[in-house]
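Any read-out appearing in this document is the output of simple, stated calculations on the displayed coordinates, not a laboratory observation. On a predicted model such as this, the values are computed, not experimentally measured, just so you know. Methodologically, a virtual Cβ is constructed for each residue, glycine included, from the backbone with ideal geometry; neighbour enumeration extends over all protein chains shown.
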Amino acid sequence: MWKGRSDPVLHIDLRRWADLMLVAPLDANTLGKVAGGLCDNLLTCVIRAWDRSKPLLFCPAMNTAMWEHPITAQQVGQLKAFGYQEIPCIAKKLVCGDQGLGAMAEVDTIVAQVKEVLSQQG
């Protein structure tokens, strides 16, 4: 609980501590919040306070109908305009039973991308 000026502020401490931020999965709700600048929970507060000189990678994951909605492309474009890096979603059978694009990238793909970005930093 915050009581005074010298008390730690968690979302600021986290932005200072981390060398890279990975948001996996990034669902449609959080995508919309981040693209619109909302910060009403710890995750979105850390993203809003993020040091944009450090990498932020995001892995969209949502139902195909949501992925194909025109606002999604605009929101993903906004995150890229902020300098964030997308690890694209893939097509497969989704949790809801639908088949199509919108599934989060495979873990091996995500790990490889994180390693690549970190190796470029060092």
Study note, to complete from the structure: Spelling it out for Gln85: with amide H atoms placed in the peptide plane at 1.01 Å from N, the residues 5 or more places away or on another chain with amide H under 5 Å from its amide H are Leu56, Leu57, Phe58
Study note, to complete from the structure: Tilt, helix 107-121 to longest principal axis of the chain (alpha-carbon atoms), in degrees rounded to tens, equals 40
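Can you tell me the length gained on complete extension of the stretch Asn41 to Ala91, counting 0.36 nm per residue apart and subtracting the Cα distance?
Numbers: separation 50, 0.36 × 50 = 18.00 nm, distance 2.95 nm.
Extra length from Asn41 to Ala91 when fully extended: 15.1 nm.
For the chain, what number of Lys pairs, 8 or more residues apart or on separate chains, have alpha-carbon atoms under 24 Å from each other? Don't skip to the answer; put the middle values down first.
Details: Lys33/Lys54; Lys33/Lys80; Lys54/Lys80; Lys54/Lys115; Lys80/Lys115.
Close lysine pairs under the 24 Å cut-off: 5.
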**Study point:** the chain, helix-only ellipticity at 222 nm - DSSP H runs n ≥ 4, -39,500 (n - 2.57), divided by all residues, nearest 500
**Key:** -13500 deg cm²/dmol
Practice item. Would you be so kind as to identify which of Cys45, Pro70, Leu94 lies farthest towards the positive end of the dipole of the chain, taking Lys and Arg as +1 and Asp and Glu as -1 on Cβ and the Cα centre as origin? Key: Cys45
Practice item. Give the range of the longest stretch in the chain that excludes all trypsin sites (Lys or Arg not before Pro) found in loop regions by DSSP and having at most 14 other beta-carbon atoms within 10 Å. Key: 53-122
Check your understanding: Pairing the Cα long axis of helix 70-81 with the longest principal axis of the chain, what angle in degrees results, from 0 to 90 and rounded to the nearest 10?
Key -> 40
